[in-house]
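Before we start, here is the structure in question, set down as structure tokens.
The values are calculated or read from the model by the stated rules, or taken from the named source; none is laboratory data. Please read these numbers as outputs of a predicted model, since none were measured by experiment. Cβ atoms come from the backbone with ideal geometry, glycine included; neighbour counts cover every protein chain shown. Surface areas here come from the heavy atoms of the whole protein model, side chains and all, with no ligands, DNA or RNA. Shrake-Rupley method; radii C 1.70, N 1.55, O 1.52, S 1.80 Å.
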Amino acid sequence: MSQVLVLNSSLSGEASVSRILVAETVARLTARDPAAKVVIRDLADAAVPHLTPQTVAGVRATATTPAETAARALSDALIAELRAADTIVIGAPMYNFSIPTTLRAWFDHVLRAGETFSYSEAGPKGLLEGKKVIVVESRGGLYSEGPAQAIDFQEPYLRQLLGFIGLTDVTFVHAEKIGYGPDARDAAIAGAKTRLAQVIAGGLPQAA
Ligand SMILES: Cc1cc2nc3c(=O)[nH]c(=O)nc-3n(C[C@H](O)[C@H](O)[C@H](O)COP(=O)(O)O)c2cc1C
């Protein structure tokens, strides 16, 4: 049975564009594979805590205190979810030119040496293999073309974080100009839904 891991990170509840598009993605994936198991992590409603001086060693070194042991257990659980998934769907709004801190806290728990990446003479190596990722990016402005392309720290950053742990088969789907008014928002959602239909019908090719 295939498994889909869904990460939502928008703080905007039902008004969220990325949540609408993540739901559309999951509906299309499960229509294609009705037996697929869907695991949902809502990083806004049930936030993964930010690492603190009290917890960081649990993830980055050796857990000795109860707080470090708890952080290690959460990291283990999040990595197990990631390993079990064949497809990962990420809803990633652009917040201040990058990703929500809720999503960043999730990455802080799953990028772990010896578990999801390793270091060697040849440099770091991602340890996850054979997974497909769809990232839905919602943005108030326009970043896929034009002058603001240079200040898109969301997509290159996500590509780096995912690639660092071996998740290199990543398709990005954009919904842009959400802040330009209701018509622009509707058009962005419709465009992204069309793109998602193509991506999923085509067996999730690499993004162009
Ligand atoms: C805290 C915050 C920061 C934002 N920063 C940006 C930004 O840097 N650039 C941008 O184009 N839009 C920005 N926006 C607008 C969101 O990207 C836009 O509303 C998008 O639709 C959010 O995704 P969602 O609808 O899934 O919540 C920001 C919104 C919030 C709440």
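Name the residue, out of ARG83, ARG28, ARG19, that is part of a helix (DSSP H, G or I), open to solvent by 70 Å² or more (accessible area, probe 1.4 Å) and closer than 30 Å to PRO182 by Cβ.
ARG28
Looking at LEU7, is it touching a residue at least 24 places away in the same chain (Cβ under 8 Å), part of a helix (DSSP H, G or I) and out of contact with any Phe, Trp or Tyr (no Cβ under 6 Å at 6 or more places or on another chain)? Explain how you work it out, then say what you get.
Values: touching a residue at least 24 places away in the same chain (Cβ under 8 Å): yes; part of a helix (DSSP H, G or I): no; out of contact with any Phe, Trp or Tyr (no Cβ under 6 Å at 6 or more places or on another chain): yes.
For LEU7, the condition - touching a residue at least 24 places away in the same chain (Cβ under 8 Å), part of a helix (DSSP H, G or I) and out of contact with any Phe, Trp or Tyr (no Cβ under 6 Å at 6 or more places or on another chain) - is not met.
Further question on the same structure: Is one or more of the residues making up the stretch 117-125 in contact (Cβ under 8 Å) with a residue 12 or more places away in the chain and among the hydroxyl-bearing types (Ser, Thr, Tyr)?
Within the stretch 117-125, none of the residues are in contact (Cβ under 8 Å) with a residue 12 or more places away in the chain and among the hydroxyl-bearing types (Ser, Thr, Tyr).
Let me ask another. Surrounded by fewer than 18 Cβ atoms within 10 Å (Cβ to Cβ), touching a residue at least 40 places away in the same chain (Cβ under 8 Å) and not charged (D, E, K, R): does that describe THR194?
Numbers: surrounded by fewer than 18 Cβ atoms within 10 Å (Cβ to Cβ): yes; touching a residue at least 40 places away in the same chain (Cβ under 8 Å): no; not charged (D, E, K, R): yes.
The answer is no for THR194.
Take LYS125 and decide whether it is open to solvent by 70 Å² or more (accessible area, probe 1.4 Å) and more than 20 Å from GLY203 (Cα to Cα).
When the stated conditions are applied, LYS125 passes them.
From (1) closer than 17 Å to LEU21 by Cα; (2) surrounded by fewer than 18 Cβ atoms within 10 Å (Cβ to Cβ), pick out the condition that doesn't hold for ALA148.
Condition (1) is where ALA148 drops out.
How many residues does the stretch 31-49 hold that are more than 16 Å from the ligand (Cβ to nearest atom), open to solvent by 40 Å² or more (accessible area, probe 1.4 Å) and assigned to a loop (DSSP other than H, G, I, E, B)?
So the count comes out to 5.
Going by what's in this entry, would THR55 be described as polar (S, T, N, Q), open to solvent by 20 Å² or more (accessible area, probe 1.4 Å), in contact with a Pro (Cβ under 9 Å, 6 or more places away or on another chain) and more than 16 Å from the ligand (Cβ to nearest atom)?
Numbers: polar (S, T, N, Q): yes; open to solvent by 20 Å² or more (accessible area, probe 1.4 Å): yes; in contact with a Pro (Cβ under 9 Å, 6 or more places away or on another chain): yes; more than 16 Å from the ligand (Cβ to nearest atom): yes.
Criteria met by THR55.
So which pairs qualify, if the first residue must be in the stretch 165-190 and in contact (Cβ under 8 Å) with a residue 12 or more places away in the chain and over 30 Å from ALA85 (Cα atoms), the second must be of a type in the set (Lys, Arg) and surrounded by 16 or more Cβ atoms within 10 Å (Cβ to Cβ), the Cβ gap must be under 7 Å, and the two must be at least 6 apart or on different chains?
That search, which allows pairs on different chains as well, returns ILE178/ARG139; ILE178/ARG185.
Continuing with this model, one more query. Only one of these is within 16 Å of the ligand (Cβ to nearest atom), aromatic (Phe, Trp, Tyr) and touching a helix residue (DSSP H, G or I) at 6+ places or on another chain (Cβ under 7 Å): PHE153, PHE97, PHE107. Name it. Explain how you work it out, then say what you get.
Numbers: PHE153 fails: touching a helix residue (DSSP H, G or I) at 6+ places or on another chain (Cβ under 7 Å); PHE107 fails: within 16 Å of the ligand (Cβ to nearest atom).
Step by step, each of PHE153, PHE97, PHE107 is checked, and only PHE97 is within 16 Å of the ligand (Cβ to nearest atom), aromatic (Phe, Trp, Tyr) and touching a helix residue (DSSP H, G or I) at 6+ places or on another chain (Cβ under 7 Å).
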